[in-house]
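Asker: Here it is: the structure, laid out below.
The values are calculated or read from the model by the stated rules, or taken from the named source; none is laboratory data. The shown structure was predicted, so the numbers you read here are calculated from the model rather than taken from an experiment. Positions of Cβ are backbone-derived with ideal geometry, glycine not excepted, and every protein chain shown enters the neighbour counts.
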């Protein structure tokens, strides 16, 4: 059974169409990433899935319960870590977790026990009795994440869990998330970061301007833009614009020129003779080649080809 | 078990859970005062300062027109009102703060009643007001105030002022949930609280004001309630109590509905 079914959901804020006819289904026990730039509608979708917002039209079922008809049932089986680390600055780490556990109506003893084991799991046991405001950005995120899975929910939503963290903090958080995946939690996360989606997710939906524009595994998405990327560099005294003009029609999408390293790259049809043709044309224009090769595309290039803009690096 | 009694058992469990949630959230909100004692110290120093300044700076000039023996008798009920109203602005700041930090989203994703976050916040501010009101009564007693209306009327007066502050917490909650930015909320609170407190019979007799202002001042809820307080505290009578209670009930009904609606509409 699917853990989450989103059927033709739209949401509008004034003139802004935040979501347009979004449909998705997320299987139980899988990790699903919503990937998209700022303002694409990712957070709006998460808020609808977690009952914080009602959709204007369409329907959503989470764990079999309709989010509009049965929000209380939905809230019993989900956990949410929102875009802000929602922890109380004036409570200690332990108190923060115990409060959330108690609001899920765990007994005092169960709450204490869960808080203790989660603090250990998150490597926060040493800071358990310090107030939230003494926590670093990475510690706040981890504590917030801990609060979201305090009752081991069936379905966990993480809205940009690592935004604003340094690489070390990000790596630490990924490790915690991988632990949850091993426990079989269904996980829906949003991210602007391609590496994050590729590292953690079984399936990825690319979302832009409120629409899902591509959906699949990382490998499937890469296949979608034709399979291969052709990339060549010319010597530093060469004319990059002339090289671009001579070859741009051979790429299936928009080619990209990087003047800093004198490189042109873009997607090509893998069955085509593009490589041979690029060499022939550059030779005809008397442009020398420093390096040329075909390779598999990165997810970033998929993103660029589909949305027309760079993802966050 | 019949279906009816099953339903009532479920209702019973739900009410019990809701009360429990409100208590948990109240405790959470009060812990802030324990963790930052400075907050409580400074927020109580301020009204004590008002009480001392008003009594010694204006007392001489005002006591002539109040008709009571000394100004402190006239002043303390007014100061209690001021304390309760200023205290109620904490509700909006606290809620706006929780909103901006994502706490409200966390609470809204939990299986608890939507009203319990608001009830937890206003209850915490009620308890804080109780503390400050008792402190002011203590300081007022040192300055010579006596409950001439007797003990029970005095207790009734304190309950009345706390109820009044509690009703204003719901106005404040509505503002906090509408304005949302904590700093703007703080500034906005004083725009409506100041005229209500000062253009009233809290510190001076309304008769000394220009006639156009008297029309407003004499009928607004702060004046009505402070008159009820004086009647209880000084004379042991119950004048104006009915009117004051009507205001409180009206404010509670209207603003609980508005606040809950604003809370549900958070995006």
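Asker: Being modelled with pLDDT of 90 or more and part of a strand (DSSP E or B) is the filter here, so list the residues in segment A:266-292 that pass it.
Answerer: A:291, A:292, listed by residue number.
Asker: Within segment B:202-222, can one find any residue that is free of Cβ contacts under 8 Å to residues at least 24 places away in the same chain and surrounded by 23 or more Cβ atoms within 10 Å (Cβ to Cβ)?
Answerer: Within segment B:202-222, one or more residues are free of Cβ contacts under 8 Å to residues at least 24 places away in the same chain and surrounded by 23 or more Cβ atoms within 10 Å (Cβ to Cβ).
Asker: Report whether or not residue A:111 is over 25 Å from residue A:48 (Cα atoms), within 14 Å of chain B (Cβ to nearest Cβ) and in a helix (DSSP H, G or I).
Answerer: yes
Asker: Would you mind stating whether residue A:85 is within 12 Å of chain B (Cβ to nearest Cβ), surrounded by 21 or more Cβ atoms within 10 Å (Cβ to Cβ) and closer than 21 Å to residue A:179 by Cα?
Answerer: So residue A:85 fits the description; yes.
Asker: Checking the conditions here, which among B:83, B:104 is at pLDDT 90 or above, within 14 Å of chain A (Cβ to nearest Cβ) and in contact with a helix residue (DSSP H, G or I) (Cβ under 7 Å, 6 or more places away or on another chain)?
Answerer: The match here is B:104.
Asker: Taking segment B:108-118 only, how many residues are farther than 10 Å from residue A:72 by Cα and surrounded by fewer than 22 Cβ atoms within 10 Å (Cβ to Cβ)?
Answerer: 2
Asker: Right, next: State yes or no: is residue B:170 more than 20 Å from residue B:250 (Cα to Cα) and either surrounded by fewer than 23 Cβ atoms within 10 Å (Cβ to Cβ) or touching a helix residue (DSSP H, G or I) at 6+ places or on another chain (Cβ under 7 Å) (or both)?
Answerer: Against the criterion (more than 20 Å from residue B:250 (Cα to Cα) and either surrounded by fewer than 23 Cβ atoms within 10 Å (Cβ to Cβ) or touching a helix residue (DSSP H, G or I) at 6+ places or on another chain (Cβ under 7 Å) (or both)), residue B:170 does not qualify.
Asker: Residue A:70: within 14 Å of chain B (Cβ to nearest Cβ) and either within 15 Å of residue B:107 (Cα to Cα) or surrounded by fewer than 24 Cβ atoms within 10 Å (Cβ to Cβ) (or both), yes or no?
Answerer: yes
For every residue, the table says whether it meets (1) in contact (Cβ under 8 Å) with a residue 12 or more places away in the chain; (2) closer than 19 Å to residue B:90 by Cα.
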site	(1), (2)
B:180	yes, yes
B:183	no, yes
B:200	yes, no
B:225	yes, no
B:235	yes, no
B:251	yes, yes
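Asker: Let me ask something else. Can you go through B:265, B:230 and tell me which one is within 14 Å of chain A (Cβ to nearest Cβ) and either touching a helix residue (DSSP H, G or I) at 6+ places or on another chain (Cβ under 9 Å) or over 16 Å from residue B:87 (Cβ atoms) (or both)?
Answerer: B:265
Asker: Now for a separate question. In this structure, is residue B:122 buried (at least 23 other Cβ atoms within 10 Å of the Cβ), closer than 25 Å to residue B:198 by Cα, at pLDDT below 95 and touching a helix residue (DSSP H, G or I) at 6+ places or on another chain (Cβ under 9 Å)?
Answerer: No, not satisfied.
Asker: Oh, and also: If a residue has to be under 25 Å from residue A:63 (Cβ atoms) and buried (at least 17 other Cβ atoms within 10 Å of the Cβ) to count, how many in segment A:179-195 make the cut?
Answerer: Adding up the residues that qualify gives 9.
Asker: Restricting the search to segment A:33-64, which residues are out of contact with any helix residue (DSSP H, G or I) (no Cβ under 7 Å at 6 or more places or on another chain), within 14 Å of chain B (Cβ to nearest Cβ), surrounded by 23 or more Cβ atoms within 10 Å (Cβ to Cβ) and not in a helix (DSSP H, G or I)?
Answerer: A:41, A:50
Asker: Another question, if that's okay. Among the residues of segment A:65-82, are any in the same structural domain as residue A:146 (by TED's automatic domain parsing), assigned to a strand (DSSP E or B), out of contact with any strand residue (DSSP E or B) (no Cβ under 9 Å at 6 or more places or on another chain) and free of Cβ contacts under 8 Å to residues at least 40 places away in the same chain?
Answerer: Yes, the conditions are met somewhere in segment A:65-82.
Asker: Let me ask another. Any residue at all in segment A:122-144 that is more than 22 Å from residue B:267 (Cα to Cα), at the interface with chain B (Cβ under 10 Å from one of its Cβ atoms) and in contact with a strand residue (DSSP E or B) (Cβ under 7 Å, 6 or more places away or on another chain)?
Answerer: Yes: one or more hits.
Asker: For a quick check of your reading of the model, give me the residue pairs whose first member lies in segment B:124-140 and is on the phi > 0 side of the Ramachandran plot, whose second is in a helix (DSSP H, G or I), with beta-carbon atoms closer than 6 Å and at least 6 apart or on different chains.
Answerer: Note: no pairs meet the criteria.
Asker: For segment B:57-80, how many residues are at pLDDT 90 or above and out of contact with any helix residue (DSSP H, G or I) (no Cβ under 8 Å at 6 or more places or on another chain)?
Answerer: Selection size over segment B:57-80: 0.
Asker: A further question follows. For segment A:88-101: of the residues being under 27 Å from the mean Cα position of the chain (by Cα) and at the interface with chain B (Cβ under 8 Å from one of its Cβ atoms), which is nearest to residue B:97 (Cα to Cα)?
Answerer: It comes out as A:88.
This table checks each residue for (1) within 19 Å of residue A:133 (Cβ to Cβ); (2) touching a residue at least 40 places away in the same chain (Cβ under 8 Å); (3) at the interface with another protein chain (Cβ under 9 Å from one of its Cβ atoms).
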{"site": "B:22", "(1), (2), (3)": "no, yes, no"}
{"site": "B:28", "(1), (2), (3)": "yes, yes, yes"}
{"site": "B:31", "(1), (2), (3)": "yes, no, yes"}
{"site": "B:36", "(1), (2), (3)": "yes, no, yes"}
{"site": "B:42", "(1), (2), (3)": "yes, no, no"}
{"site": "B:45", "(1), (2), (3)": "no, no, no"}
{"site": "B:53", "(1), (2), (3)": "no, no, no"}
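Asker: Could I ask something else about it? If you go through segment A:196-215, how many residues are over 13 Å from the mean Cα position of the chain (by Cα) and surrounded by fewer than 19 Cβ atoms within 10 Å (Cβ to Cβ)?
Answerer: The number of residues fulfilling the criteria is 3.
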